[in-house]
Amino acid sequence: MASRPGLAQGQRLPPIVARGSEVTVSRTLIVARPDLPVATDPGLLFYVQHSINKSLIVYAARLRPDGKLDPNQPVEAFWRRFDEQGQRRALNFFERIFAFGVSTRALPDGRYGARIAGYRAREAIIDLDERGKPRALLPVGSRMVRVVYAYASADDAGFIPKIHYVDVHGFDIATGEAIRERIRLDM
C-alpha cells in the first residue's frame, strides 16, 4: 500500500474493508444509545454518534438564499462537541482527509453524490425533498433509505480509533419502514 499524501514516510493508515452488512426492518427507528445527544443543526442531513464520547459528527446541507443546494459546497461536516458545551468545531486536516470529510459531485436535477472519506465504497444522494428540506438518501439493497443518523462502535485504545461496525439508521422512502443497516468493518 502506498503512503497517502500528508503522512510521514513509512506511516500508513490501515485499510477499511467492509465484511458485509445485515439489514433490520422495524416499525420505528431503532435508538442505538438513548444516552447520547441528537443533532438539531439547520440543514441537517444526518449525524454520527459513536461509542467513544458524546460528541457528534454532523453532516449538514449548505443552501443558497433561494433554498437550493450550494453547488460549491452542498455538504459540510463538523463536530458538535457535547463533551464540552455543544459548540461547533471544524474537522481537523486528518479527520477531513482520512475519516469524516465529504466529497461531492454534481448529478442531474440539482442533486449531488456524496462520499465520506473514511468509507468511499458507498455514495449517498443529497437532494431536497418535495417540501424543500435537504436529505441524504442511501441505497440499502433494493431500498432507498433517508438517513437519519449512524452509530459507530469504536475503541480508541490505539493511535487511530478502531471501528468495529457502523449502524446506519433511516427510513425507506417508498414504504416508510425504519431500516438499520449494520456494516461490519475491518480496520
Residue count for region 50-80, restricted to those that are under 14 Å from P134 (Cβ atoms) and of a type in the set (S, T, Y): 1
Those residues of region 69-94 which are in a strand (DSSP E or B) and open to solvent by 30 Å² or more (accessible area, probe 1.4 Å), in sequence order: E76, R80, R81, Q87, R88, R89, A90
Residues of region 50-68 classified as over 16 Å from R115 (Cβ atoms) and outside any loop (DSSP other than H, G, I, E, B), total: 5
Whichever residue in region 29-54 is over 18 Å from L138 (Cα atoms) and hydroxyl-bearing (S, T, Y) and, among such residues, is surrounded by the most Cβ atoms within 10 Å (Cβ to Cβ): S51
Test: residue in region 95-112 that is surrounded by 13 or more Cβ atoms within 10 Å (Cβ to Cβ), under 11 Å from the mean Cα position of the chain (by Cα) and modelled with pLDDT of 95 or more: yes
Contacts under 7 angstrom Cβ, first residue in region 28-42 being within 15 Å of N53 (Cα to Cα) and of a type outside the set (D, E), partner open to solvent by 40 Å² or more (accessible area, probe 1.4 Å) and in a loop (DSSP other than H, G, I, E, B), 6 or more apart: L36/K54; P37/K54; P37/F82
Of all residues in region 140-166 being farther than 12 Å from V25 by Cβ and modelled with pLDDT of 95 or more, the one that is farthest from the chain's Cα centre (by Cα): M144
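The values are calculated or read from the model by the stated rules, or taken from the named source; none is laboratory data. Keep in mind it's a predicted model, so treat the numbers as computed, not measured. Neighbour counts run over all protein chains shown; Cβ positions are idealised from the backbone, glycine included. Surface areas here come from the heavy atoms of the whole protein model, side chains and all, with no ligands, DNA or RNA. Shrake-Rupley method; radii C 1.70, N 1.55, O 1.52, S 1.80 Å.
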